[in-house]
Amino acid sequence: MTIGYDPARMGKQRRKIETGSSFRGSARRGDPPLRQIQGPSRWQANPRRARQAGAGWINVSGESPRPDNGHFGDAKKIFERMPERDSVSWNLMITSFAQKGWVREAREVFDQTPDHDTVTWNAMIAAYAQNGYSQQAINLFRLMQIEGVAADRITFTTAIEACAGCLAWASLGRIIHAEVASSGVLLDRKVHNSLINLYGKAGQAIEAASVFHSMAGRDVISWTALMMSFSQHGHLSQASSVFDRMPQHDNLAWNALIIDFARIGDLSSAMRLYNLLPEESPVSSTTMIAAFAQNGHLQGARDVFHALADPDVVAWNAIIAAAVQHSSFREALELFRAMVASGASPNRITFISSLHACAREAVLDAGKAIHEEISIRGLAADATLAAMLINVYGRCGHVATARKLFDDLPELCVLLWNTMLAAYAHAGHSAAALELFQDMNLAGFHADPVSFTVLLSACSHAGELRDALRCFATMVGDHGIVPERDHFGCVVDLMGRTGQLEKAEDLVANMPFEPDFVSLTSLVGACRVHRDPRRGRRISELALASSPKRSSAYALLSSLFAQDHEVDESKSLLLVEETIDHSFFEYKQVLIAN
């Protein structure tokens, strides 16, 4: 019997009881049972009625596919006050916790359950599998077998799905398949579909097809799983063949094939399928917008977006990100304003892309407006958004505002320290950057390679060679960070700026990896400034060898020859002609790309 919900009566009863255990402790098997209310009650006088009523109430209050139907706390309290709990009540609480994503609490209830039947094990294995803890689900499945509890169809299905979620366990999935076949458990469609999914994700399309063809009856899930066993590993011709033979298509089948064509850059095939969609699919639309953007076709992304009748927030985010990706920062900000005007609600991803556009264009007013929107939505303490805001204010020259925002944050992380360091570096405040770096160390935060790249860049822009060398030595000696190409590049650039050309050339020659084009051309430019064409010529040859198609190296070398009166005019003219040729080559490449 299941009792109905009478708010007044239940509220009165709840006020009479204690809250009890929150299930958030570290209880494990063997710990004392959950605390029960002391003293007689109407329910304790009739234990059978209490079990039935409690289980029914937990069912209507806690077992919901939604994150919280408003009565989960009531379900917990009813469970805690039940004088006797049967397996149904324990299992319902495990399931309810799992549906809310509270896996640890579900495990605590599982460990305190006095008698574990097959349903109890299934509930806990599913709790792990459905919340992404595949390995724990598999371990529990093996423990269930060790303890001699008989597995049923649901057990095997959940274990197979867990193996599909952790490809390191794919071989175990094959073993479970054999166990299912020998156990006498009826292989229904759901078990077969799980096996097709497992083999498909493991790249074993032949085994997936074998399971598919052994099925007496197939549904759209079976067909889609078989198709994806081919498509997700790049076998799109076979996937297309399966897709064409499918009796019916669900959204997953359409979206999966469109996504996989887009992933390999086959936009014509992806767009052909997209145009055949029976109805507008937000997933497919977003996929096409992102695919066009990633393959250099911003206009194609625009066309897909503007054809949408009512774009959702994900589609807006995709087109804003596409504009940012193509350096159309003003367009990205216009899209953000249009999104707000349309009534769509920006989220964290929207703000990140829009703030990136603000920083690159140094648009302070837009940055302030977005900052206000972030505060209204209670996201001001989000570390990534805070870092983006600090970056915007720093790039717009409002370093004091950036610092106030930094100082007002309730919690700091290395990302935020690095962003504030970068704001000082961008403004040329190397002394403030070095002081902040000391504060970072004193606060117990460990600098990472990015921290030192920013610091060295700040020293380079300020011409502080001594501070830069000290930072470089500290990075290796005190922090145990192996210098990367960017770190060497900053020091080479600074040595060049300060006229230490011989030391800079020695550093380039002794780096543990090949110098990059940027470092070399930076040093060539320094040779030109400090009128050392012979050294510049040697370094230019290295730059030309590393990137023979880059015209800037030829231009620098030409200007060096013009400084060197020992080189005749004809050679200098030849280099100018080569510069023009390579510039025209780059221009043609741009035309072809567009």
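In this structure, is residue 401 free of Cβ contacts under 8 Å to residues at least 12 places away in the same chain and closer than 28 Å to residue 426 by Cβ?
yes
Scan the range 205-217 and report the pairs whose first residue is in contact (Cβ under 8 Å) with a residue 12 or more places away in the chain and whose second residue is open to solvent by 20 Å² or more (accessible area, probe 1.4 Å) and aliphatic (A, V, I, L, M), with Cβ atoms within less than 7 Å and a gap of 6+ or a chain change.
Matching pairs, first to second residue: none at all.
Suppose we filter the range 403-457 for residues that are under 23 Å from residue 469 (Cβ atoms) and among the charged types (D, E, K, R); how many remain?
3
Show the residue pairs that are 6+ apart or on different chains and have beta-carbon atoms under 8 Å apart, the first residue being within the range 421-446 and open to solvent by less than 20 Å² (accessible area, probe 1.4 Å), the second being part of a loop (DSSP other than H, G, I, E, B) and at pLDDT 95 or above.
Sorted first by the residue in the range 421-446, then by its partner, the list stays empty.
Taking the residues in the range 148-191 that are at pLDDT below 85 and touching a Gly at 6+ places or on another chain (Cβ under 8 Å) as candidates, determine which candidate is surrounded by the most Cβ atoms within 10 Å (Cβ to Cβ).
163
Any idea how many residues of the range 447-456 are surrounded by 18 or more Cβ atoms within 10 Å (Cβ to Cβ) and either part of a helix (DSSP H, G or I) or basic (Lys, Arg) (or both)?
Number of matching residues: 6.
Can you work out which of the residues in the range 131-147 that are outside any helix (DSSP H, G or I) and open to solvent by 70 Å² or more (accessible area, probe 1.4 Å) is nearest to residue 197 (Cα to Cα)?
Per the criteria, the residue is 133.
Mind listing just one residue for me: the one in the range 192-207 that is of a type in the set (A, V, I, L, M, F, W, C) and closer than 21 Å to residue 129 by Cα and, of those, surrounded by the fewest Cβ atoms within 10 Å (Cβ to Cβ)?
Among those that are of a type in the set (A, V, I, L, M, F, W, C) and closer than 21 Å to residue 129 by Cα, it is 202.
Conditions tested, residue by residue: (1) surrounded by 16 or more Cβ atoms within 10 Å (Cβ to Cβ); (2) within 42 Å of the chain's Cα centre (by Cα); (3) modelled with pLDDT of 90 or more.
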site	(1), (2), (3)
489	yes, yes, no
502	no, no, yes
512	no, yes, no
520	yes, yes, no
524	yes, yes, no
535	yes, no, no
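The values are calculated or read from the model by the stated rules, or taken from the named source; none is laboratory data. Here the structure is a predicted model, which is why all the values come from computation and not from measurement. Quick reminder, even Gly has a Cβ in these numbers, built from the backbone with ideal geometry, and neighbours come from all protein chains shown. When the accessible area is computed, the model is the full protein with side chains, heavy atoms only, and any ligands, DNA or RNA have been set aside. Shrake-Rupley method; radii C 1.70, N 1.55, O 1.52, S 1.80 Å.
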